[in-house]
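The values are calculated or read from the model by the stated rules, or taken from the named source; none is laboratory data. Quick caveat, the model's predicted, so the values are computed rather than measured. Here the Cβ is made from the backbone with ideal geometry for all residues, glycine too, and neighbour counts use every protein chain on show. To get the accessible areas, we keep the full protein, side chains included, count just its heavy atoms, and leave off ligands, DNA and RNA. Shrake-Rupley method; radii C 1.70, N 1.55, O 1.52, S 1.80 Å.
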Amino acid sequence: MDIYIDKSNLISFVKSKSHELFDDCNKLLKKQLNVYFNFPKNDLKESPLLLNWITTLSQGMGEHNEIKFDYKEPARPLKSNSSNTFCSNKLTSVYLLEDDDTDKFKNAGCVLVGKVGEEIQILNKLFINQNDYDFERKWRINGNDFKTWSDLKEYSLPLTDILIIDPYILSNKDTDTDTVDVNLINYLDVLCIESFTKANVIIVTDPSRSNYTFDEIKKKITSKLSSQLGKRPTFTLIFTKREHDRGVLTNYSRIYSGDTFSFWNNRGQKITNGREISYSSLAKKENHDLANKLIEDIQHTITFLNENNPDYIQGDKISNFLNF
């Protein structure tokens, strides 16, 4: 994962050394992220504070991590739609910016953005709000902290894309489980709580276990997310028996379930045999690399279906991470 930092944000961050999370955030920059500074390296000479800090940062850097200078990302002036031209890497990047229009860019909810003074707050989101150097968080289904999907709202981050892989997510139509309304639709609502732009939703599932037509699912998703986001989402349904894992991938997180994501019925009773849901932050390099491998696997599935069963891919066929 990459992070782009303006000079004023860096000064603000370094001056927050007394914060209890500073060392963990500093370690995050050093060990996990590619750090791109939006100013020339020579500017460090003007500040003994920054010069000393950059020296310590470069010591013990991760083997494959980069530090580079003289970037200007995103391009200025900032706009609410500045991310429209971003490649997939930039859509999974973090931006610490000082600009008159930072709020416009941030409030679109496409990518993770922090203003001057918000550096540690933003980086803690990559720790899944744990106030610790930790990239994984688990909840027991129906435990004290996770009884409804809304209990996970505070862990949602900006996004542009949602990829759901679950062979059973469209099963059990018109029964107490009512998968789509109670689970899928409610969870999509939670995942998009920090986003205020068009989202691309892709569901990969087993055709033999689906009890819904494409049009039925599209109508439900479009109705809910159009209200939530203020814009109509795109939706693509991929039928395949090649995928057996259950997981959700967004711009900054990968989410795991041992069983289907259909956790509750209409009465709020637990119906899954699974025990836990797990969030994994893509800020950790290993998690980020594995997420990229997942994208490669799904891309292979799409290529295979296009060549052999094109009717198994239905909908808008729009994604910032996959090609149709």
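Taking the conditions exactly as written (touching a residue at least 24 places away in the same chain (Cβ under 8 Å), open to solvent by 50 Å² or more (accessible area, probe 1.4 Å), under 25 Å from the mean Cα position of the chain (by Cα) and over 30 Å from K198 (Cβ atoms)), does E20 satisfy them or not? In short, no.
Just to be sure before I move on: is K79 without any contact (Cβ under 8 Å) to a residue 60 or more places away in the chain, open to solvent by 10 Å² or more (accessible area, probe 1.4 Å) and either of a type in the set (A, V, I, L, M, F, W, C) or in a loop (DSSP other than H, G, I, E, B) (or both) in the structure I sent? Judged against the criteria, K79 is a match. Just to be sure before I move on: is T303 in contact (Cβ under 8 Å) with a residue 60 or more places away in the chain and either open to solvent by less than 40 Å² (accessible area, probe 1.4 Å) or not basic (K, R) (or both) in the structure I sent? Considered against the rule, which asks whether it is in contact (Cβ under 8 Å) with a residue 60 or more places away in the chain and either open to solvent by less than 40 Å² (accessible area, probe 1.4 Å) or not basic (K, R) (or both), T303 comes out as no. When you look at T197, is it touching a residue at least 40 places away in the same chain (Cβ under 8 Å), in a loop (DSSP other than H, G, I, E, B) and either of a type in the set (S, T, N, Q) or open to solvent by less than 40 Å² (accessible area, probe 1.4 Å) (or both), yes or no? Yes; evaluated as a whole, the condition is true for this residue. Pairs are defined by a Cβ separation below 6 Å, a sequence spacing of at least 6 or placement on different chains, a first member in the range 43-54 that is closer than 17 Å to I5 by Cα, and a second member that is surrounded by fewer than 14 Cβ atoms within 10 Å (Cβ to Cβ); the pairs so defined are L44/L51.
For the range 116-127, which positions are surrounded by fewer than 21 Cβ atoms within 10 Å (Cβ to Cβ), in contact (Cβ under 8 Å) with a residue 40 or more places away in the chain and not in a helix (DSSP H, G or I)? The answer is V116, G117. One residue stands out in the range 274-288 among those that are small (G, A, S) and over 16 Å from S88 (Cα atoms): the one that is surrounded by the fewest Cβ atoms within 10 Å (Cβ to Cβ), namely S278.
Checking the conditions here, which among L157, L184 is open to solvent by less than 60 Å² (accessible area, probe 1.4 Å), under 19 Å from L229 (Cα atoms) and part of a loop (DSSP other than H, G, I, E, B)? Only one candidate passes the filter, namely L157.
Filtering the range 250-273 to residues that are at pLDDT below 90, open to solvent by less than 20 Å² (accessible area, probe 1.4 Å) and of a type in the set (G, A, S) leaves only S262.
Condition first: charged (D, E, K, R), touching a Pro at 6+ places or on another chain (Cβ under 6 Å) and part of a loop (DSSP other than H, G, I, E, B). Can you find one or more residues in the range 49-69 that meet it? Scanning the range 49-69, I find no residue that is charged (D, E, K, R), touching a Pro at 6+ places or on another chain (Cβ under 6 Å) and part of a loop (DSSP other than H, G, I, E, B), so the answer is no. Would the range 99-112 turn up any residue that is buried (at least 18 other Cβ atoms within 10 Å of the Cβ), in contact (Cβ under 8 Å) with a residue 40 or more places away in the chain and either among the basic types (K, R) or outside any loop (DSSP other than H, G, I, E, B) (or both)? Yes: one or more hits. Within the range 36-48, the set of residues being under 20 Å from K106 (Cα atoms) and surrounded by fewer than 21 Cβ atoms within 10 Å (Cβ to Cβ) comprises Y36 only.
Whenever a residue of the range 213-237 is open to solvent by 50 Å² or more (accessible area, probe 1.4 Å), its partners that are hydrophobic (A, V, I, L, M, F, W, C), lying with C-beta atoms within less than 7 angstrom and at least six residues away or across chains, give the pairs K218/F235; K220/V180; K220/I185; K224/I185; K224/L188; G230/F196.
All conditions but one from (1) open to solvent by 30 Å² or more (accessible area, probe 1.4 Å); (2) in a helix (DSSP H, G or I); (3) touching a strand residue (DSSP E or B) at 6+ places or on another chain (Cβ under 6 Å); (4) not hydroxyl-bearing (S, T, Y) apply to A291; the one that does not is (1).
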